[in-house]
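Enquirer: I am attaching a structure below and will ask some questions about it afterwards.
The values are calculated or read from the model by the stated rules, or taken from the named source; none is laboratory data. No experiment lies behind these values; they were computed from the predicted model shown. All Cβ positions, even for glycine, are placed from backbone atoms using ideal geometry, and neighbour counts span all protein chains on display.
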Amino acid sequence: MSLAVDQWVEQIRAGDVRALSRAITAIENGEPEAEVILQQIFPHTGRAYRIGVTGAPGTGKSSLVDRLAAHYRRQGQPVGILAVDPTSPFTGGAILGDRIRMQGHASDPGTFIRSMATRGFLGGLARATTDAALVLDAAGKQVILIETVGVGQDEVEIARLADCTLVVLVPGLGDDIQNMKAGLMEIGDIFVLNKSDREGADRLEQQLRAMLELAPTRNSWRPAVVRTVATEDRGIAELAEAIARYRQHVEQTGRSRAMAIEHWKQRLLDLLQSRLLDRLVRNHLSAQTLTSLAEQVAERKKDPYTAVEEILAQAGLR
């Protein structure tokens, strides 16, 4: 397996499309080769700039990602796109498949597009999204665009992964109310008013800017507001300029290292939690035991907290 994985890693670093696709599939399925690949490619990562694109369904996130990708490709930068979609309850795969909406890049070897199913993972991302981004980073993608599933205000996991988070709003979807609330409004580095040719765009922008003026700045950065009409390629260059300004600001203020440390601190905790749970279930919690405990809890013969304490005690973790 070692030789095969070594060759696989070299193909990934060379940007081979099939190797990239196979690697992400292996990560999603938890195949044994996946971790070995990630270990080998990790020293070759850390150069890509990750841009998260989040917002409610219907705001035009896919169109925005499509046009941003085209903008960066015109500059000669290799681009990776991870589009996270809801999971099919029947197949476990992505229901929508954003690649359908981005067929203009299909023949471009400098653009790699992958749809990923959430597989029940909350927060707008798939569990494997972070590792998939590492694969694209190692493959030499300079910009990685990560489009979240669009689940609403609680979709904040993207802020932990992305170097820059875009929150997409549109007039007429209740955003004039939503932007007064917490959640998405707290993670946006740049706010994009897409479909800004619609009625109500001026009012939405005024309300958003007023709110941002009242909110405390994060790391001395006041989030920018950019108006776009992605389907007509309007405002995309201005959005790319705003992203570049934010990137420069973070680098000049020395925040990039602190942000990277915070990202990996959370990632280590996530990995630790996942590994401990897997080992606990595999070594100390049979399906029969779990079913028995669930029956006792359902019949109110035992409370769930005591049941969990019993499991931990059996594993020697109490």
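Enquirer: Would you point out the residue of the stretch 29-48, among those that are surrounded by fewer than 24 Cβ atoms within 10 Å (Cβ to Cβ) and of a type in the set (Val, Ile, Thr), that is nearest to Asp189 (Cα to Cα)?
Expert: Filtering the stretch 29-48 for residues surrounded by fewer than 24 Cβ atoms within 10 Å (Cβ to Cβ) gives 29-36, 38-48.
Now narrow it down to the ones that are of a type in the set (Val, Ile, Thr): 36, 41, 45.
Working: Val36: 34, Ile41: 29, Thr45: 23 Å.
Out of the qualifying residues, it is Thr45.
Enquirer: Criterion first (within 30 Å of Thr228 (Cβ to Cβ) and surrounded by 15 or more Cβ atoms within 10 Å (Cβ to Cβ)) does Ile51 satisfy it?
Expert: Details: within 30 Å of Thr228 (Cβ to Cβ): yes; surrounded by 15 or more Cβ atoms within 10 Å (Cβ to Cβ): yes.
Yes: the conditions hold for Ile51.
Enquirer: I would also like to ask the following. Within the bounds of the stretch 263-272, is there any residue that is among the basic types (Lys, Arg) and in a helix (DSSP H, G or I)? So that I can check it myself, show each step before the final result.
Expert: Quick first cut of the stretch 263-272, residues among the basic types (Lys, Arg) only: 265, 267.
Those left that are additionally in a helix (DSSP H, G or I): 265, 267.
Looking through the stretch 263-272, at least one residue is among the basic types (Lys, Arg) and in a helix (DSSP H, G or I).
Enquirer: Looking for whichever is of a type in the set (A, V, I, L, M), more than 20 Å from the chain's Cα centre (by Cα) and either within 25 Å of Ala244 (Cβ to Cβ) or at pLDDT below 75 (or both) here; the options are Leu125, Leu208. Which one fits?
Expert: On the way: Leu125 fails: more than 20 Å from the chain's Cα centre (by Cα).
None of the other options fit; the residue is Leu208.
Enquirer: It is to be established whether one or more residues within the stretch 50-68 are more than 18 Å from the chain's Cα centre (by Cα) and on the phi < 0 side of the Ramachandran plot.
Expert: Yes, because at least one residue in the stretch 50-68 is more than 18 Å from the chain's Cα centre (by Cα) and on the phi < 0 side of the Ramachandran plot.
Enquirer: Let me ask something else about it. So which of Ala4, Ala23, Ala19 ends up being hydrophobic (A, V, I, L, M, F, W, C) and under 21 Å from the mean Cα position of the chain (by Cα)?
Expert: Numbers: Ala4 fails: under 21 Å from the mean Cα position of the chain (by Cα); Ala19 fails: under 21 Å from the mean Cα position of the chain (by Cα).
The conditions single out Ala23.
Enquirer: Mind counting the residues in the stretch 56-68 that are under 14 Å from Ser115 (Cβ atoms) and either surrounded by 24 or more Cβ atoms within 10 Å (Cβ to Cβ) or modelled with pLDDT of 95 or more (or both)? Talk me through it step by step, then tell me what you get.
Expert: Of the stretch 56-68, the ones under 14 Å from Ser115 (Cβ atoms) are 61-62, 65-66.
Okay, now just the ones that are also either surrounded by 24 or more Cβ atoms within 10 Å (Cβ to Cβ) or modelled with pLDDT of 95 or more (or both), so 61, 65-66.
Qualifying residue count, the stretch 56-68: 3.
Enquirer: Please specify each residue of the stretch 242-256 satisfying the condition of being under 17 Å from Ile51 (Cα atoms), modelled with pLDDT under 90 and either loosely packed, with under 11 Cβ neighbours inside 10 Å or not charged (D, E, K, R) (or both). Break it down into steps so the answer makes sense when it comes.
Expert: Applying the first criterion (under 17 Å from Ile51 (Cα atoms)) to the stretch 242-256 yields 242-251, 255-256.
Filter once more, so that each one left must be modelled with pLDDT under 90: 255-256.
Listed by number, the list holds a single entry, Ser256.
Enquirer: Consider Leu239 carefully, then state whether it is in contact (Cβ under 8 Å) with a residue 60 or more places away in the chain, in a helix (DSSP H, G or I) and buried (at least 19 other Cβ atoms within 10 Å of the Cβ).
Expert: On the way: in contact (Cβ under 8 Å) with a residue 60 or more places away in the chain: yes; in a helix (DSSP H, G or I): yes; buried (at least 19 other Cβ atoms within 10 Å of the Cβ): yes.
Yes.
Enquirer: Among the residues in the stretch 159-171, are any at pLDDT below 75 and either out of contact with any Asp or Glu (no Cβ under 9 Å at 6 or more places or on another chain) or in a loop (DSSP other than H, G, I, E, B) (or both)? Write out each step before concluding.
Expert: As a first pass, look at the stretch 159-171 and keep what is at pLDDT below 75: none.
Within the stretch 159-171, none of the residues are at pLDDT below 75 and either out of contact with any Asp or Glu (no Cβ under 9 Å at 6 or more places or on another chain) or in a loop (DSSP other than H, G, I, E, B) (or both).
Enquirer: Between Ala26, Ala19, which is buried (at least 21 other Cβ atoms within 10 Å of the Cβ), farther than 30 Å from Thr228 by Cβ, at pLDDT 90 or above and not hydroxyl-bearing (Ser, Thr, Tyr)? Full working, then the answer.
Expert: Details: Ala19 fails: buried (at least 21 other Cβ atoms within 10 Å of the Cβ).
Just a single option satisfies the conditions, and that option is Ala26.
Enquirer: Assuming Val225 fulfils every condition listed in (1) touching an Asp or Glu at 6+ places or on another chain (Cβ under 8 Å); (2) in a loop (DSSP other than H, G, I, E, B) apart from one, which condition is it?
Expert: (2)
Enquirer: Still on this structure, I have one more. Based on this model, can you work out whether Gln296 counts as over 32 Å from the mean Cα position of the chain (by Cα) and part of a helix (DSSP H, G or I)? Steps first, answer last, please.
Expert: Working: over 32 Å from the mean Cα position of the chain (by Cα): yes; part of a helix (DSSP H, G or I): yes.
Criteria met by Gln296.
Enquirer: Same structure, new question: Among the residues of the stretch 219-255, which ones are farther than 26 Å from Arg67 by Cβ and within 21 Å of the chain's Cα centre (by Cα)? Walk me through it before giving the result.
Expert: Pass one, the stretch 219-255, residues farther than 26 Å from Arg67 by Cβ: 219-220, 252-255.
Within the stretch 219-255, Arg255 is the sole residue that qualifies.
Enquirer: Out of the residues in the stretch 29-55 meeting the condition of being assigned to a loop (DSSP other than H, G, I, E, B), small (Gly, Ala, Ser) and at pLDDT 90 or above, tell me which one is nearest to Gly140 (Cα to Cα).
Expert: Initially, the stretch 29-55 is screened for residues assigned to a loop (DSSP other than H, G, I, E, B), giving 30-31, 45-48.
In the following step, the residues that additionally are small (Gly, Ala, Ser) were identified as 30, 46, 48.
From what's left, at pLDDT 90 or above: 46, 48.
On the way: Gly46: 10, Ala48: 7 Å.
Among residues in the stretch 29-55 that are assigned to a loop (DSSP other than H, G, I, E, B), small (Gly, Ala, Ser) and at pLDDT 90 or above, the one nearest to Gly140 (Cα to Cα) is Ala48.
Enquirer: Looking at the structure I just gave you, is Ala70 closer than 30 Å to Leu193 by Cβ and either without any contact (Cβ under 8 Å) to a residue 40 or more places away in the chain or part of a helix (DSSP H, G or I) (or both)? Give the steps one after another, and end with the answer.
Expert: Details: closer than 30 Å to Leu193 by Cβ: yes; either without any contact (Cβ under 8 Å) to a residue 40 or more places away in the chain or part of a helix (DSSP H, G or I) (or both): yes.
Against the criterion (closer than 30 Å to Leu193 by Cβ and either without any contact (Cβ under 8 Å) to a residue 40 or more places away in the chain or part of a helix (DSSP H, G or I) (or both)), Ala70 qualifies.
Enquirer: Return yes when Val250 is touching a helix residue (DSSP H, G or I) at 6+ places or on another chain (Cβ under 6 Å) and closer than 30 Å to Asp189 by Cα and no when it is not. Walk me through how you get there before you give the answer.
Expert: Values: touching a helix residue (DSSP H, G or I) at 6+ places or on another chain (Cβ under 6 Å): yes; closer than 30 Å to Asp189 by Cα: yes.
So Val250 passes the test.
Enquirer: May I pose another question? For the stretch 271-306, enumerate the residues that are at negative phi and surrounded by fewer than 11 Cβ atoms within 10 Å (Cβ to Cβ). Spell out how you get there, then give the answer.
Expert: Within the stretch 271-306, the first condition is being at negative phi, and the residues that meet it are 271-299, 301-306.
Correct list: Leu272, Gln273, Arg275, Arg282, Asn283, Ala287, Gln288, Thr291, Ala298, Glu299, Lys301, Tyr305.
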